[in-house]
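Here's the structure we're looking at; comments come further down.
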Amino acid sequence: MDVLGAGDGLSALAKGRSYSGKRRSPVALQMGKQTFYGMSDMEFGKALEYSNEMFASLCVTEDPTEGINAFLEKWEPDWKGK
C-alpha cells in the first residue's frame, strides 16, 4: 500500500502524468522560467504585460507548431529549439 492508500491507481496516474524531457519544448521551458522569475518583483499589471509579451514571443518560434502537430497526430515531437 502506498502512503496515500490509493494503491496502484495513484501510481499509474502519476506515471501517466509524468513527462520525459523530450515531451517538453526546451524553448518553452527556458522562456517559462525566464518569465516566472522575471515577473516575481513586478506589480501585477506590469507582470501581466510582461508575461503576455513573453508568450507572444514564444508563439512565433517553431516549437509550438511542432508540439501541436505531434499532439494531434499522436507522435513524439522533434523540438527544434528555435
Note to self: If packing is taken as the average number of other Cβ atoms within 10 Å across a peptide's residues, how do 59-69, 42-52 rank, most packed first?
What the structure shows: 59-69, 42-52
Next item on the list: Could you tally the net charge around M39, taking each other residue with its Cβ under 15 Å from the Cβ of M39, Lys/Arg +1 and Asp/Glu -1?
Entry: -2
Check: On full extension of the chain, what length is gained from E66 through K82, given 0.36 nm per residue of separation minus the C-alpha to C-alpha distance?
Finding: 4.7 nm
Item checked: Added length on full extension, which subtracts the Cα-Cα distance from 0.36 nm per residue, R24 to A47 -> 5.9 nm
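Any read-out appearing in this document is the output of simple, stated calculations on the displayed coordinates, not a laboratory observation. Bear in mind that the values here come from a model prediction, so they are computed numbers and not experimental data. Backbone-built Cβ (ideal geometry, glycine too); neighbour counts: all protein chains shown.
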